[in-house]
């Protein structure tokens, strides 16, 4: 009888260990890796965090009502464990939610002086984008690097996006600038000859060009308009300051791990070379 009870206990322990190992393997397959279980930025008994964002190719992909995926989702999971919930909402609404304290983290905004008056930004960026003009193939010479040459040229840019300080200074001189709602609209206007240049970046444009079968018809110009750096942002409040501090400390630790290298490789996102 004792031998039977001992065997049952050993079997139960073995089964529990097997289930735990299986759970850890599933966790890794979900893209969270071993670091997810460490929850570097999670204090004891913390209230669940709400992170919001909109469509950022490879960083935060999804649609309203569906669970988002991408590098940023997995990154926050590795830092905060199961204490963070990511939600896809329209970009303007996402910014407002963080500003008003309805959400805790805004995923992916470029750091600009105007936005810094409304939100706190992480010390380091977690990705970078070169902002460029896209043109119909063969029209690359339309961009010389001088905005004055585009004064009467039909161009388009995405409403609500940041394009860098030089673009902000010079956009009033673009006499035929059209604001569009998204990358799809801008590229379609370009290929239908309603505009001659469209401002965007490769990370967002390349998947759309492939989906619309336009990769052979559209190309990018040089030099870039600017190189912008994407951050996590937080509310300008005492709680936001504390959360940004926790995030910055955890992100610094995470960057030194193999999990960081693997996550950038998995999602095909270039890791910023310098802190910005």
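Throughout, read-outs are computed from the coordinates displayed, never taken from laboratory work. On a predicted model such as this, the values are computed, not experimentally measured, just so you know. Every residue, glycine as well, gets a Cβ built from its backbone with ideal geometry; the counts of neighbours run over all protein chains shown.
Sort 125, 222 by Cβ crowding within 10 Å, fewest neighbours at the top.
Ascending number of Cβ neighbours within 10 Å: 222, 125.
Taking the mean number of other Cβ atoms within 10 Å as a proxy for protection, how do you rank 155-168, 253-266 from highest to lowest?
Details: 155-168: 18.0, 253-266: 15.2.
Ranking, from highest mean packing down: 155-168, 253-266.
For the modelled label position 7 Å from the Cα of residue 265 along Cα-to-Cβ, which residues of the range 71-103 have backbone nitrogen atoms closer than 19 Å?
Residues 71-72, 74-75, 78 fall inside that zone.
May I ask you to derive the relative contact order of the range 129-227, considering only C-alpha pairs under 8 Å and at least 6 residues apart, and to give it as an integer percent? Could you put the intermediate results ahead of the total?
Numbers: 170 pairs, mean separation 50.7, N = 99.
Value for the range 129-227: 51 percent.
Where in the range 102-133 does the amide nitrogen come within less than 15 Å of the point 7 Å from the Cα of residue 241, taken along Cα to Cβ?
Those under the cut-off are 119-121.
Length gain on complete extension for the stretch residue 222 to residue 92, per 0.36 nm per residue less the alpha carbon to alpha carbon distance?
Contour length minus the Cα-Cα distance gives 43.8 nm.
Exposure proxy check: 202, 74, 270, 216 ranked by fewest other beta carbons within 10 Å?
216, 270, 202, 74
Taking neighbour counts of Cβ atoms within 10 Å as a proxy for exposure, in what order, fewest first, do 140, 87 appear?
Taking fewest neighbouring Cβ atoms as first place, the list is 140, 87.
Between residue 141 and residue 248, 0.36 nm times their residue separation minus their Cα-Cα distance comes to what?
Additional length available on full extension: 34.3 nm.
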